Amino acid sequence: MTSVSTSQVFPVFVQGLVLSLGLIVAIGAQNAFVLRQGLRREHVGSVVLLCALADAVLITAGVLGMAQALGSHPALAQAMALAGAAFLAWYGWRALQRARTASQLQAAEGGTGLSHGAALAQAAAFTLLNPHVYLDTVLLVGSIGAQQPAGLQGWFVAGASIASLAWFSALGFGARWLAPLFARPRAWQVLDALIGLTMWVLSALLVRHALQSA
C-alpha cells in the first residue's frame, strides 16, 4: 500500500469536499424536497441518508471507473482534465450569472404527508432520474478524482461524500432554521458568487495539473 502524508491527504480531501459542495448546493428539486421533509419532520433521517448514500456510491463508481479507464491512457487523462477544467469554468460563470439575479429556494409545508416508502421513492427519483447527477458525480467528479495519485483517491472520495452528507443533513435537520435564510434571494446571490469563484479556482488548478502531466 502506498504511504501518504498528512500534507498530501489534506489538500486532496479539501478539493473533493469543496468540489462536491459547489456542485450540490443549488436551487433544485432534490434540495427542495429534502427541505420540505425537514420542515414537515417526516422521515428526515431516511431521506438524508438515501440522498447522501446515492451520491457516495455514484462518486465512488465514477472515481474508480474513471481511474481504471484513464490509468493506461495518459493522453486521455490529460484531455479529461482539460475538459473538466472547461466545465468548471463554465459552471463558475453560470453561478456568477445567477448571483446577479434574485432567486430563492422554497418548500411549502402544506399538503398531505408521505408514507416512509413514498418519501424514499420520491427522494430516489429526484436523485437518480436527474441526468445532471451523472454528469456531475460520475463523469466530472469521477474524472477529477481519478487524476489523484492512487493512494489519495480514497481521500478525495471521502471529502466529496462527506460534503454531500453534511449538506443534506444540514438541509433536512436544520430546515426550521435554514428555511428563512434560503428564502432570501440575497443569501443565494452571495452563495452563488462564492461558488462561482471557487469553481474558477478549481478549474485553474486542474489546468495546471493537466499541463504538468503533459
- Note on the structure: For the chain, the longest principal axis of the Cα atoms and the Cα long axis of helix 29-40 enclose an angle in degrees, to the nearest 10, of 40 degrees
- Message: Just to confirm the number: angle between the C-alpha axis of helix 116-128 and the first principal axis of the chain, 0 to 90 degrees, nearest 10?
- Response: 40 degrees
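Which FRET efficiency value, to the nearest 0.05, do you get for residue 205 and residue 100 by plugging their Cβ-Cβ distance into 1/(1 + (r/R0)^6) with R0 = 22 Å? Present the calculation step by step, with values, prior to reporting the outcome.
Working: r = 25 Å, r/R0 = 1.16.
Calculated transfer efficiency: 0.30.
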- Query: In the chain, with Lys and Arg counted as +1 and Asp and Glu as -1 at Cβ, which of these residues, 151, 30, 78, has the Cα nearest the positive end of the dipole, that is, farthest along it?
  - Reply: 30
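Given Cα pairs under 8 Å that are at least 6 residues apart, what percent is the relative contact order of the chain? Don't skip to the answer; put the middle values down first.
Working: 288 pairs, mean separation 101.5, N = 214.
That works out to 47 percent.
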- Relative intensity, log₁₀ I(q)/I(0), of the stretch 145-214 from a Debye sum that treats every alpha carbon as a point, q = 0.17, 0.19, 0.23 Å⁻¹: -0.85, -0.95, -1.09
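Relative to the present Cα-Cα distance, how much length would full extension add between residue 46 and residue 166 at 0.36 nm per residue of separation? Can you show the working numbers first?
On the way: separation 120, 0.36 × 120 = 43.20 nm, distance 1.43 nm.
That pair, residue 46 and residue 166, stretches by 41.8 nm at full extension.
About the Cα centre, and with charges only on the beta carbon of Lys, Arg (+1) and Asp, Glu (-1), how big is the dipole of the stretch 55-214? Nearest 20 debye, please.
I would put it at about 400 debye.
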- Message: Please report the equivalent ellipsoid semi-axes of the chain, computed as sqrt(5 x eigenvalue) of the Cα gyration tensor, largest first, in whole Å.
- Response: 32, 20, 14
- Task: Please report the Cα spread of the stretch 58-107 along all three principal axes, rounded to whole Å, starting with the longest.
- Result: 46, 25, 6
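Every number here is computed from the coordinates shown, using simple stated rules; none is lab data. This structure is a prediction, so every number in the text was calculated from the model and none was measured. Don't worry about glycine lacking a Cβ; one is built from the backbone with ideal geometry, like all the others, and counts go over all protein chains shown.
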